[in-house]
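The values are calculated or read from the model by the stated rules, or taken from the named source; none is laboratory data. A quick note: this is a predicted structure, and the numbers were derived from the prediction, not measured. As a convention, Cβ positions derive from the backbone with ideal geometry for all residues, glycine included, and neighbour counts pool all protein chains shown. When the accessible area is computed, the model is the full protein with side chains, heavy atoms only, and any ligands, DNA or RNA have been set aside. Shrake-Rupley method; radii C 1.70, N 1.55, O 1.52, S 1.80 Å.
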Amino acid sequence: SSVVRATVRAVSKRKIQATRAALTLTPSAVQKIKQLLKDKPEHVGVKVGVRTRGCNGLSYALEYAKSKGDSDEEVVQDGGIRIFIEKKAQLTLLGTEMDYVEDKLSSEFVFNNPNIKGTCGCGESFNI
């Protein structure tokens, strides 16, 4: 089951920060994931995958996870928030910041990704 909508932003002129984690979460993203998991005690985290879709090739998919998959990479941040990254998505996420943005018209997770070469107009799909 899908968590919520996610978009992608190509981040240019930004150096990839050296970090042990493949993905970093902003405080806003951490807070939203805590809120989403609070009512789902059977789920231990959120899984990030990549799917072939859209006019630019790939898009990120977020799902609730009951356990870590054999080939998933695990990112633990801020008080035990667990993100599992599917093997197919691992290289596309290196150096990426996951944010949660709310405005008057939408609320969504946003992946600020320095690896992306291009996105579609709506930011739903990307290519590397």
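Details
- Residues located in the stretch 56-84, provided they are in contact with an Asp or Glu (Cβ under 9 Å, 6 or more places away or on another chain) and exposed (fewer than 13 other Cβ atoms within 10 Å of the Cβ): 66, 71
- Check on residue 28, of a type in the set (Ser, Thr, Tyr), open to solvent by 40 Å² or more (accessible area, probe 1.4 Å) and at pLDDT 85 or above: yes
- Entry remark, the stretch 41-55: residues being at pLDDT below 90 and open to solvent by 40 Å² or more (accessible area, probe 1.4 Å) number 6 in total.
- Of the residues contained in the stretch 58-70, none is found to be touching a strand residue (DSSP E or B) at 6+ places or on another chain (Cβ under 9 Å) and on the phi > 0 side of the Ramachandran plot.
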